[in-house]
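Accompanying notes for the structure given below.
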Amino acid sequence: MKSLAILGSTGSIGSNALDVVRQHRDRFEVVALAAGNNIDALLKQMREFRPRLVSVADQGLAEKLEARWADQDRVEIFWGPEGLERIATAEGADLVVSALTGSVGLIPTMRAIDMGKDVALANKEVLVMAGELVLQQARDTGSKLLPVDSELSAIFQAMRGHHYEEVRRILLTASGGPFLGWSREQLSGVSPEKAMGHPNWNMGKKVTLDSATLMNKGLEVIETRWFFDIPPGNIEVYIHPQSIVHSMVEYHDGSVIAQMGIPDMRIPIAYAMSYPQRIQNTLPSLDLLHLRTLTFLPPDRETFPCLGLAYRALDQGGTYPTVLNAANEVAGQAFLNRRIRFQQISGVVERALESHIGHPVRSLEDVIEADAWTRKECSRWVDGG
Ligand SMILES: NC(=O)c1ccc[n+]([C@@H]2O[C@H](COP(=O)([O-])OP(=O)(O)OC[C@H]3O[C@@H](n4cnc5c(N)ncnc54)[C@H](OP(=O)(O)O)[C@@H]3O)[C@@H](O)[C@H]2O)c1
């Protein structure tokens, strides 16, 4: 029996992880859950999965939750950043599912790694902000990191039984998002509602927007660089609108190993949760005869500059990827709040990279400082400063 703590249990990844638990009650139990504001969803999860510890975004929500839970089994209720750390370090949890969105996940995920817990990592921003530190700490504490992102899971699966030194290239696939094939002119008036219409995946707001700008693929390039220790020049991005080939690994002998499957996150989530075994599910099989065609295209880097900005931040190294990530979070939120236009997102990120005076990342404090600087500057710019 594997015991789980889930950070971000009410989100898209978190609830899919709980669906995997629901299908395999004999393999998994839930000891701790962390949500943000959605206490209705959390209460339902508490009734069904009976965790011992839970956390919510703030004290007011914790009090409301406590009042609504009153006559049931005893559950310890925490809140805020400290609450997230309590869930990440919950006693008895063997595997922490890191599924918060954005930079808020960095510290709790790091705390789980500090304790040597295994981590199923969906929260890609953690590796983007502090990849080298996180991987080093995992090596030091013996914490196993298991990728949840479908592309990284694909690479992980395609590399099973192979040596890193034999890899020639990683080919990361991207659906292209809702604006695939659009021109700059067409993009000028897009609304947040249009940007939320992903063709193949049903995901949280931030990752859906990042897919529309192609920043999501840029973040995954950085994630891949750290996770698999691959030089950025050996990571290429292919647009693959059907989202069936989740990524590929090319070896020195010219062999290319691809991982395929229907676009359903429960597949990579279950693989991370049950690794090194594979567990059954009731999802439909991939029907290639029905699909017939799989297409691959180069990304349009002129119309979607965020991908190039991510490569640039990775090349610059040090604090630049942290700056890229924070600028993208501030600009993305400003777009969703209708304060800037879609195409200004990349402009804010570029300005942040240009204004920042980078330095090496030696500790989490370096990361936190660069993140705070970027948020302050970018918030000023999106407010017209
Ligand atoms: N969704 C996908 O298919 C997918 C695929 C690959 C990778 N990922 C990555 O996985 C991560 C999660 O994505 P998602 O789509 O599942 O996001 P999501 O649906 O927006 O869920 C985010 C979760 O984090 C919680 N949360 C957010 N801010 C919080 C805070 N300050 N304190 C406590 N809890 C907080 C939310 O709680 P409330 O809802 O209760 O407020 C929710 O449970 C992201 O890094 C994303 O890039 C997602």
- request: Neighbouring Cβ atoms within 10 Å as the yardstick, rank H240, H290 fewest first.
  value: H290, H240
query: Tally Lys and Arg at +1 and Asp and Glu at -1 over the other residues with C-beta under 13 Å from the C-beta of S153: what net charge comes out?
result: -1
query: Counting pairs of alpha carbon atoms under 8 Å apart in space and at least six apart in sequence, what relative contact order in percent does the chain give?
result: 15
- prompt: What is the spin-label model distance, in nm, from I357 to E185 if the labels are put 7 Å beyond Cα along the C-beta direction?
  reply: 4.4
Candidates per GluC sites (Glu not before Pro) in the range 198-237, loop by DSSP, up to 16 other Cβ within 10 Å: none
- line: So, relative contact order of the range 2-147 in percent, Cα under 8 Å, 6 or more apart, is 23
- prompt: Computed over the Cα atoms, what is the radius of gyration of the chain divided by 2.2 N^0.38 Å, N being its residue count?
  reply: 0.96
task: Would you tally the net charge around Y251, using a Cβ to Cβ cut-off of less than 15 Å, leaving Y251 out, and scoring K and R as +1, D and E as -1?
output: -2
task: Restricting things to alpha carbons, find the Rg to Rh ratio for the range 53-125 using the Kirkwood radius for Rh.
output: 1.00
message: Once you order the gyration tensor axes a ≥ b ≥ c over the Cα atoms, which shape class does the range 2-147 get: rounded for a/c under 1.5, otherwise prolate or oblate by comparing a/b with b/c?
response: prolate
query: Among S98, S103, S3, what is the fewest-to-most ranking by other Cβ atoms within 10 Å?
result: S3, S103, S98
statement: Restricting to lysines and to Cα separations under 16 Å from K205, and discarding same-chain partners fewer than 8 apart, the set is K124, K194, K217
Residues in the range 120-136 reached by a label modelled at K2 [backbone nitrogen below 14 Å; 7 Å Cα→Cβ]: 120-122
- prompt: What ranking of E377, E63 emerges when the number of other C-beta atoms within 10 Å of each C-beta is taken as an exposure proxy, fewest first?
  reply: E63, E377
query: Cα gyration tensor of the range 1-85, axes a ≥ b ≥ c as square roots of the eigenvalues: rounded (a/c below 1.5), prolate (a/b > b/c) or oblate?
result: prolate
- prompt: According to the square roots a ≥ b ≥ c of the eigenvalues of the Cα gyration tensor, what is the shape class of the range 299-338, taking rounded for a/c under 1.5, prolate for a/b larger than b/c otherwise, and oblate for the remainder?
  reply: oblate
field: the range 163-222: chymotrypsin sites (Phe, Trp or Tyr not before Pro) in DSSP loop, at most 12 other beta carbons within 10 Å
entry: none
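We did not get these values from a lab; they are worked out from the coordinates using the rules stated. Remember, predicted model here, so these are calculated numbers, not experimental data. Note that we place each Cβ from the backbone using ideal geometry, even for glycine, and neighbour counts take in every protein chain shown.
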